[in-house]
1. Counting only residues that are without any contact (Cβ under 8 Å) to a residue 40 or more places away in the chain and open to solvent by less than 20 Å² (accessible area, probe 1.4 Å), which one in the stretch 50-71 is nearest to Val22 (Cα to Cα)?
2. Could you please let me know if Ser129 is hydroxyl-bearing (Ser, Thr, Tyr), surrounded by fewer than 15 Cβ atoms within 10 Å (Cβ to Cβ) and more than 16 Å from Phe30 (Cα to Cα)?
3. Please go through the stretch 91-102 and give me each residue that is open to solvent by 20 Å² or more (accessible area, probe 1.4 Å), part of a loop (DSSP other than H, G, I, E, B) and of a type outside the set (Ser, Thr, Tyr), ordered by number.
4. Where the second residue is assigned to a loop (DSSP other than H, G, I, E, B) and open to solvent by less than 30 Å² (accessible area, probe 1.4 Å) and the first is within 19 Å of Trp57 (Cα to Cα) and lies in the stretch 17-31, which pairs have Cβ atoms under 7 Å and are six or more apart or on separate chains?
5. Counting only residues that are out of contact with any strand residue (DSSP E or B) (no Cβ under 8 Å at 6 or more places or on another chain) and of a type in the set (Asp, Glu), which one in the stretch 84-133 is nearest to Trp57 (Cα to Cα)?
6. Quick check on this structure: which one of Ala74, Ala43 is modelled with pLDDT under 95, out of contact with any helix residue (DSSP H, G or I) (no Cβ under 8 Å at 6 or more places or on another chain) and open to solvent by less than 40 Å² (accessible area, probe 1.4 Å)?
Amino acid sequence: MLHTANGAEPMASSDLASVPPVEIDPNGRFKYVLAKVYTSPDAGDNEFKYFVRGFQWGAFHADIFEKFEAQIAALGLSAECVGGGRIMHHADAKKLEVFGYSQGYGRADHSITAGLLKDKYPDYEITTSDEGY
């Protein structure tokens, strides 16, 4: 979902529309980041879309964000990491647990992350917690 200061939902650029809002590993425990991507080069702080990225290969939250940021920069847009945490993905049980924080980026708003995950995994149980690291 796109967000603006006045509540209107502007159209994303067609390039940004091709970027999946959620990309996470199919199973296991891993770090994740929540990023804002501004919907056009001149969008300013008021028009953006949230994205979630989480992968086991990310030794640090910054590793995950930097790869995503490069993908967005190639579209001529800018991204900002607004926090991180961890996800435990239990594919067999159709369950996602969102928790913890990033030492470098701080705690993501897990409720935003959970909402994006629910869009991608509508038949999953999704829980959030501020506990843990």
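1. The qualifying residue nearest to Val22 (Cα to Cα) is Arg53.
2. no
3. Correct list: Ala91, Asp92, Ala93, Lys94.
4. Going by the 7 Å Cβ cut-off, the qualifying pairs are Phe30/Gly58; Lys31/Gly58.
5. Ranking the candidates gives Asp92 first.
6. Ala43
Conditions tested, residue by residue: (1) aliphatic (A, V, I, L, M); (2) in a loop (DSSP other than H, G, I, E, B); (3) farther than 26 Å from Tyr124 by Cβ; (4) at pLDDT below 95.
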residue	(1), (2), (3), (4)
Met11	yes, yes, yes, yes
Asp15	no, no, yes, yes
Lys31	no, no, no, no
Phe51	no, no, no, no
Trp57	no, yes, no, no
Ala70	yes, no, yes, no
Gly84	no, no, no, no
His89	no, no, no, no
Gly104	no, yes, yes, no
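The values are calculated or read from the model by the stated rules, or taken from the named source; none is laboratory data. The shown structure was predicted, so the numbers you read here are calculated from the model rather than taken from an experiment. Cβ atoms come from the backbone with ideal geometry, glycine included; neighbour counts cover every protein chain shown. These area figures cover heavy atoms from the full protein model, side chains too; ligands, DNA and RNA do not enter into them. Shrake-Rupley method; radii C 1.70, N 1.55, O 1.52, S 1.80 Å.
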